[in-house]
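K.L.:
First the structure, which I've put down as C-alpha cells, then a few questions once you've had a look.
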Amino acid sequence: MAEQAAEKTEFDIVAEAHPNKDFKAPELTGEIATPRVEDGMIVKGVTDAIKPHIAKEAIQEKLDFPGTLVDNWDEAVIRRLGELLERYKSLQVYLDTCVRCGSCTDKCQFYLGTNDPNNMPVARAELLRKVYKRYFTTEGKIFRKLAGAEKLDINLLSDWYAYFHQCSQCRRCSVFCPYGIDTAEISMAAREIMDCIGIGQKYVNEILGKVHDIGNNLGMNPKALAATLESTEEDLEEETGQKIRLPLDEEGAEVLMITPSADFFASPHVESLLGYAKVFHQAGISWTFSSKASEAGNFGMFIGNYTQLEKVASRVRDAIDDIRPKRLIVGECGHAWRVAYSFWNTLIGPFDTLDPNYPAPQHICEFTLDLVERGAIKLDKAANDEFTVTFHDSCNVARGSCMGDRPGGQFTIPRELIKASCNRFVDMEKGTIMEETFCCGGGGGLLTDEILQVRIQGAMPRMQALSRVMESDGVNFMALICAICKAQFTKILPKYGVPMSVAGGVHQLVGRAIDLGAKA
Amino acid sequence: MSGLTLVFSIFFYIAIDIFIIGMLLKVWKYVSTPAPLKIPQTPAPKTAAGVGVRMFKDVVFFRSLFRGNKRIWLGGYLFHLALLIVFMKHLRFFLPATPAIIDDLVDIDIYTGFVVVGALAFLFILRLAVDRHFFISVFNDYMLLVFIIAIGTTGLLSRFWEGGGVRSDIPYIKEFVGGLFTFHPGTVPENPLFLTHFSLVMLFLMYFPFSKMVHAVAIFFSPTRNQIDNSREKRWGPWMVKGKRYGQVTPPAAASVLVKDEPTDA
Ligand code: HEM
Ligand code: SF4
Ligand code: SF4
Ligand code: SF4
C-alpha cells in the first residue's frame with residue numbers, strides 16, 4: 001500500500017520541477033559566446049526540470065480547458081494536433097519543412113544562456129515534430145526513429161512542458177531560417193495542445209482568468225483603477241503644478257487609450273503613464289482609458305489559443321462601442337502591440353467607426369513623434385542630460401509588428417523619439433538590435449518566479465550587449481517599450497549587478513523632457 | 001519489349017506518378033490550409049511586389065541562410081546551384097532537340113557534377129563535425145546526403161569512366177528516356193552503371209514528397225515570408241473552420257476529450 005502511494009503518477013512526472021532560486025547570473029564580459037553541446041547534455045537536457053507551475057483545476061476550467069491531465073491524454077494530443085494542422089498553415093508547413101540545416105541553432109537566447117541543446121530552436125521544434133512525424137507522415141511511419149519520429153510518452157510530454165515554456169516566442173530563430181520557420185508558432189501550438197489535455201501553465205492561465213473576470217492582468221477592479229488614477233493625478237499636479245488628467249471611461253473622448261495594466265502602478269511602468277498623460281495634455285487632445293479594456297496585453301497569444309485571443313481582444317471592441325472614440329492608441333507593450341497591430345483588425349475589426357485619417361490602432365510612439373515633428377509639443381533634451389540612453393528593441397515589436405508606413409518604422413520611430421528627448425543616445429552592438437534583437441528573457445509567458453533561473457539565463461545575450469555599451473559609452477538608461485521587458489529587467493538587472501534604475505520607458509524620457517509651459 | 005525494359009518502364013511510371021501526385025497533394029494541403037492571422041516576420045514588405053522581391057532573395061540567393069550561417073550557406077548554395085545546372089544539362093537526354101542555352105552550359109558543367117558531390121560531402125562533414133549540427137541531425141539526414149552523393153557519383157562515373165560504358169550507350173539512353181516521356185519507351189540499355197544511376201533517381205523521386213525534400217515548394221507557402229505587412233490597412237480574414245469563426249470553435253472541454261470506446265470494468 002505504502003509503495004503504491006509512493007509511485008509517481010503521470011501527472012507527477014510532468015509537474016516535477018526543481019526550481020533553482022539561488023542561481024547565480026553569469027559574469028558580464030561583453031561577449032556572447034555560443035556554448036558547446038557537452039557530451040553529457042546530449043542524453044538529457046540541463047534545464048528539463050525547470051518548469052513553471054501547472055495551473056489548478058479551477059483556473060483551467062474557467063478557460064474551458066480540462067482541469068487536470070485527462071486519462072487518455074495521448075489520444076487527445078494526437079487529435080488536437082490533427083485539428084491544429086488543419087487550421088494553421090504555419091504549423092503544417094513548418095513541421096514539414098525543416099531540413100535541420102543548423103542555421104538557427106545558435107540564435108536563441110535560451111540556448112545561449114542555458115547551454116541546454118534542447119533550447120536550440122530546431123531541437124525545441126523537433127520535440128513536437130517527432131510526434132508529428134510518427135503519427136502523421138509516411139516517412140515517420142516507415143522509418144520511425146531513423147527519420148527522427150518518436151512515439152508520444154509521458155517523458156516526452158514532460159519535456160514539452162519544460163522546453164515549450166523556455167521559449168519566449170520571440171521569433172529570432174525565424175529571421176535566420178532559410179524557410180522562415182517560426183518556432184514561436186510551434187511552441188504556441190504545443191502549449192495549446194497541453195492546455196487541451198489539462199496541463200496549462202499557472203501564471204498565464206491565471207492571468208487570462210483575471211482578464212475575463214475583472215478586466216486586466218493585474219486584477220484591478222474599476223473602482224481601484226479609478227482611485228489609482230485619481231491619486232496619480234494628484235501626484236502629477238504636485239509635481240508639475242498643472243491639472244494633468246488621467247481620464248477613465250469618458251464617453252466621446254477623441255482617443256481611446258489601451259495600455260498594459262502594469263502602467264497603472266508598477267515601477268518603472270508608471271513613469272511612462274505620466275509621459276502619456278503629459279503628451280495628451282500638452283497636445284490638447286481629449287482621451288480616456290476604459291475600465292472594460294484596462295489591459296493591452298493579450299496572453300491568449302502565448303498559449304496559442306484562438307478563442308482566448310479573440311475573447312480578450314473583444315473587450316477592446318466593447319470599449320470602442322461604448323466610448324465611440326475617433327482614434328485608438330496603444331501604450332508601451334511588446335506582445336500587446338503585436339496583437340494590436342497584426343491581429344486586432346482580423347479579430348475585432350473593421351474599425352470603420354474610427355477616423356480613417358489615422359492608423360488604427362496607432363502606437364503611442366507613432367502618435368508622440370508625429371506631435372513632436374509637427375511642433376505640437378516641445379521637448380527639452382537637456383532635462384535628460386543625466387542619461388546616456390540605449391534602446392532595447394522588444395522582440396514582439398521588432399519582428400511581429402511595424403510602426404509608421406514604412407517597413408522598419410518600428411526601429412526608427414522609437415529611436416527618433418528618444419533622440420528628440422535626450423542628448424546622448426547610443427545603440428547596442430549590431431546583431432543584437434533591430435530585427436536581430438534578443439529577447440529580454442521574460443516574454444511569452446515566462447515572467448514567473450519559479451523559472452527565474454531560465455529568465456536570468458535567457459537575458460544573458462541582452463545583458464552582455466548592454467554591459468558593453470555601459471562600459472564603452474557610459475550608458476545608464478535602457479529605454480523600453482514593453483511592460484514585460486520592464487518587469488523582467490527590473491528583476492534581472494540587479495542579479496547581474498546592474499542598478500535597477502537603468503531600465504525605464506521611452507515615455508519616461510518623453511515625460512521628463514516635455515515642455516509643459518508654452519502651448520503651441 | 002524485353003523484360004528488363006518492362007521492369008524499368010514500370011518503375012519509371014510508378015516513381016513519376018508517386019512524385020507528381022504526392023507533390024500535388026502536398027501543395028494542395030498547403031494551399032487549402034488557412035493562415036488565420038497575419039504573421040509576417042517583420043520588417044516585411046508592404047506590397048505584393050515587395051513580397052515577391054523578398055521571396056526571390058530567399059529562393060535564389062538563400063538570403064536568410066546567408067545571414068544565419070555562412071558555412072552552411074556556402075555548402076548549401078553551391079550544392080543547389082550545381083544541381084540546377086546538372087538538372088538542366090539532363091534535359092539533353094529527355095528532349096528531342098537541345099535548346100541552345102543548354103548546350104552552352106556544357107562548358108561549365110564539366111565541374112558541376114564534382115561541385116554537387118563535393119558540396120554534399122562538405123555538408124555531411126559539417127553535420128558530423130559541428131557539435132550543434134550533430135545534435136540535431138537524424139539518420140535520414142545523413143542517408144539523404146549519402147543517397148544524393150551516390151546519384152552524383154554514379155553520374156560522374158557514367159561520364160568520366162570509360163570502362164562503365166555509359167558514354168557509348170548514350171544514343172540508346174536518349175531513346176529509352178525520351179521514349180518514356182512520349183509513352184513509347186525504347187529498349188533499356190543493359191548497362192549496370194546506368195541502371196543504378198537511373199534507379200537511384202527514381203527512388204529519390206519517390207521519397208521526395210514524403211520527406212523534408214518538400215522544402216523546395218514549401219518555402220513559397222511560409223507565412224512569415226509570403227505575407228504582406230498590411231494588417232492595419234487591409235483586414236485579413238476573418239477565417240472560418242467548419243462554418244464557424246475560428247474563435248468560436250472552443251477548445252475541447254474535458255468531457256469531449258474523455259470519450260473512451262472501451263467499456264470500463266466497474
Ligand atoms: C526552392 C528553392 C530551394 C531552397 C531555398 C532550398 C534550400 C535548401 C537549404 C537551405 C538546404 C539546407 C542545406 C543543408 O543541409 O545544409 C537544402 C537542402 C537540400 N535541398 Fe534544397 N532548396 C531548394 C530547392 C531544392 C530542390 C528543387 C532540390 C532537389 C531537387 C533540393 C534538394 C535538396 C537536398 C537534397 C537537400 C539536402 C541536403 C542536406 O540534407 O544537407 N532543394 N535546401
Ligand atoms: S534554420 Fe530552419 S531549416 Fe534550418 S534547422 Fe533551423 S528551423 Fe530547420
Ligand atoms: S522563438 Fe525565440 S525563444 Fe523561441 S526558439 Fe525561437 S529564438 Fe528561441
Ligand atoms: S518581454 Fe520584451 S523582449 Fe521579451 S518577449 Fe516581450 S517584447 Fe520580447
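The values are calculated or read from the model by the stated rules, or taken from the named source; none is laboratory data. Since this is a predicted model, take the numbers as computed values, not measurements. Note that we place each Cβ from the backbone using ideal geometry, even for glycine, and neighbour counts take in every protein chain shown. Just the protein is used for accessible areas: all its heavy atoms, side chains included, with ligands, DNA and RNA removed. Shrake-Rupley method; radii C 1.70, N 1.55, O 1.52, S 1.80 Å.
K.L.:
Give, rounded to the nearest 20 debye, the magnitude of the charge dipole that the range A:62-215 has about its Cα centre when Lys and Arg contribute +1 at Cβ and Asp and Glu contribute -1 at Cβ.
P.N.:
In debye, rounded to 20, the range A:62-215 gives about 380.
K.L.:
Checking the cross-link filter: which lysines have an alpha carbon closer than 29 Å to that of A:LYS381, excluding same-chain neighbours under 8 positions apart?
P.N.:
A:LYS243, A:LYS278, A:LYS419, A:LYS430, A:LYS486, A:LYS491, A:LYS519
K.L.:
Suppose each label sits 7 Å from its Cα in the direction of the beta carbon; what would the B:TRP161-A:VAL46 distance come out to in nanometres?
P.N.:
Result for the modelled spin labels: 4.8 nm.
K.L.:
Rounded to the nearest 500 deg cm²/dmol, what is the calculated helix-only ellipticity per residue at 222 nm for chain A, with -39500 (n - 2.57) per DSSP H run of length n ≥ 4?
P.N.:
-14000 deg cm²/dmol
K.L.:
May I ask which residue of A:TYR94, A:ASN118, A:ALA49 lies farthest towards the positive end of the charge dipole of the range A:10-200, with charges of +1 (Lys, Arg) and -1 (Asp, Glu) on Cβ and the Cα centre as origin?
P.N.:
A:TYR94
K.L.:
Moving on to the next point. As a test of the definition: with a 1.4 Å probe, what buried accessible area, both sides summed, do you compute for A against B, in Å² to the nearest 100?
P.N.:
Summing both sides, the interface buries roughly 6900 Å².
K.L.:
Please give the average number of partner chain Cβ atoms lying within 10 Å of the Cβ of each residue in B:60-67, rounded to a whole number.
P.N.:
4
K.L.:
Less than 16 Å apart at the alpha-carbon level, and either on another chain or at least 8 residues along: which lysines does that give for A:LYS202?
P.N.:
Here the lysines satisfying the reach criterion relative to A:LYS202 are A:LYS51, A:LYS56, A:LYS62, A:LYS210.
K.L.:
With the contact rule set at Cα under 8 Å and sequence spacing of 6 or more, what percent relative contact order holds for chain A?
P.N.:
19 percent
K.L.:
Residues of the range B:117-158 losing 40 Å² or more of accessible surface, assembly versus chain alone, probe 1.4 Å, please list them.
P.N.:
Listed in order, they are B:ASP131, B:ARG132, B:PHE135, B:ILE136, B:VAL138, B:PHE139, B:ASN140.
K.L.:
For chain A, report the accessible area per residue in Å² (1.4 Å probe, heavy atoms, rounded to an integer).
P.N.:
34 Å²
K.L.:
Same structure, new question: What is the calculated FRET efficiency for A:GLU429 to B:GLU233, with r their C-beta to C-beta distance and R₀ = 41 Å, to the nearest 0.05?
P.N.:
0.75
K.L.:
Just how large is the dipole of the protein assembly as shown about the Cα centre, in debye to the nearest 20, putting +1 at every Lys and Arg Cβ and -1 at every Asp and Glu Cβ?
P.N.:
1720 debye
K.L.:
Kindly identify the range A:1-154 as rounded, prolate or oblate by the Cα gyration tensor criterion: order the square roots of the eigenvalues as a ≥ b ≥ c, call it rounded if a/c is under 1.5, otherwise compare a/b with b/c, prolate if a/b is larger, else oblate.
P.N.:
Verdict is oblate for the range A:1-154.
K.L.:
Now for a separate question. Hey, any idea what % of chain B's accessible area is carbon plus sulfur with a 1.4 Å probe?
P.N.:
73 percent
K.L.:
For a quick check of your reading of the filter: which chymotrypsin sites (Phe, Trp or Tyr not before Pro) in the range B:156-208 sit in a DSSP loop and have no more than 14 other Cβ atoms within 10 Å?
P.N.:
Passing both the DSSP loop test and the Cβ count: B:TRP161, B:PHE183.
K.L.:
Measure nothing but the geometry: give the 0 to 90° angle between the long axis through the Cα atoms of B:48-61 and the longest principal axis through the Cα atoms of chain B, rounded to 10°.
P.N.:
40 degrees
K.L.:
Would you mind checking the tilt of helix A:306-323 against the longest principal axis of the Cα atoms of chain A, expressed as 0 to 90 degrees and rounded to 10?
P.N.:
Compared with the principal axis, the helix lies near 20 degrees.
K.L.:
Continuing with the same structure: Just from its helices, what would the mean residue ellipticity at 222 nm be for chain B, if runs of 4 or more DSSP H residues each count -39500 (n - 2.57) and the sum is divided by every residue, rounded to the nearest 500 deg cm²/dmol?
P.N.:
The helix-only estimate for chain B comes to -21000 deg cm²/dmol at 222 nm.
K.L.:
I've got another one for you. Describe numerically, in nm with one decimal, the distance between label points set 7 Å from Cα along Cα→Cβ at A:GLN242 and at A:LEU516.
P.N.:
Each label point is offset 7 Å from its Cα along the Cβ direction, giving 0.7 nm.
K.L.:
I've got another one for you. Tell me, what is a quarter of the convex hull surface for the C-alpha atoms of the protein assembly as shown, in nm² with one decimal?
P.N.:
Projected area, direction-averaged: 39.7 nm².
K.L.:
Would you mind checking the tilt of helix A:269-283 against the longest principal axis of the Cα atoms of chain A, expressed as 0 to 90 degrees and rounded to 10?
P.N.:
Its long axis makes an angle of about 40 degrees.
K.L.:
Here's something else I'd like to know. If you take the Cα atoms of the range A:306-456, find Rg, then find the Kirkwood Rh from the mean of 1/r over all pairs, what is Rg/Rh?
P.N.:
1.00
K.L.:
Something else: Run the quick spin-label model on B:ALA216 and B:ARG63: label points 7 Å from Cα toward the beta carbon, then report their separation in nm to one decimal.
P.N.:
2.4 nm
K.L.:
Follow-up. Taking a point 7 angstrom from the Cα of A:LYS21 along the C-beta vector, which residues in the range A:437-453 have backbone N less than 11 Å away?
P.N.:
Under 11 Å, as judged by backbone N against the label point of A:LYS21, lie A:450 of the range A:437-453.
K.L.:
Determine, from the Cβ-Cβ distance of A:SER472 and A:GLU386 and an R0 of 22 Å, the FRET efficiency 1/(1 + (r/R0)^6), rounded to the nearest 0.05.
P.N.:
E(calc), rounded to 0.05, equals 0.75.
K.L.:
Another question, then. Enumerate by residue number the trypsin sites (Lys or Arg not before Pro) in the range A:121-152 meeting two conditions: DSSP loop (anything except H, G, I, E, B), and at most 15 other Cβ atoms within 10 Å of the site's Cβ.
P.N.:
Answer by residue number: A:LYS151.
K.L.:
Where a ≥ b ≥ c are the square roots of the eigenvalues of the C-alpha gyration tensor, would you call the range B:3-237 rounded, which needs a/c under 1.5, or, failing that, prolate if a/b is larger than b/c, or oblate?
P.N.:
Prolate, because a/c is 1.5 or more and a/b exceeds b/c.
K.L.:
Show which lysines lie in cross-link reach of B:LYS174 when reach means a straight Cα distance below 22 angstrom and same-chain residues fewer than eight apart are skipped.
P.N.:
Qualifying lysines at Cα under 22 Å: B:LYS89.
K.L.:
Return the carbon/sulfur percentage of the accessible area of chain A, one whole number, probe 1.4 Å, all protein chains in place.
P.N.:
Carbon and sulfur atoms account for 49 percent of the accessible area of chain A.
K.L.:
If packing is taken as the mean number of other Cβ atoms within 10 Å per residue, what is the order of A:237-245, B:44-52, highest first?
P.N.:
Output ranking for A:237-245, B:44-52: B:44-52, A:237-245.
K.L.:
Oh, and also: From the phi of every residue in the range A:56-64, what ³J(HN,Hα) in whole Hz does the Karplus formula 6.51 cos²θ - 1.76 cosθ + 1.60 yield, where θ is phi - 60° and glycine or proline is x?
P.N.:
6, 3, 4, 5, 4, 5, 4, 9, 6
K.L.:
Is any residue of the range A:297-311 close enough, with backbone N under 20 Å, to a label point placed 7 angstrom from the Cα of B:MET240 along the Cα-Cβ axis, and if so, which?
P.N.:
Only A:306-307, A:310 fall inside the zone, counting backbone N under 20 Å.
K.L.:
Just tell me how shielded B:227-234 is by partners: mean number of partner chain Cβ atoms within 10 Å of each residue's Cβ, no decimals.
P.N.:
5
K.L.:
Right, something else. FRET efficiency for B:ALA49 and A:ALA224, Cβ-Cβ distance as r, R0 = 51 Å, nearest 0.05?
P.N.:
Calculated transfer efficiency: 0.50.
K.L.:
How many Å² of accessible area per residue for chain B, probe 1.4 Å?
P.N.:
51 Å²
K.L.:
What does the average come to when, for each residue of peptide B:24-30, you count the partner chain Cβ atoms lying within 10 Å of its Cβ?
P.N.:
What the average comes to for B:24-30 is 2.
K.L.:
Kindly flag which residue pairs out of B:LYS26/B:LYS70; B:LYS26/B:LYS212; A:LYS107/B:LYS70 have an alpha-carbon separation exceeding 20 Å in this structure.
P.N.:
B:LYS26/B:LYS70
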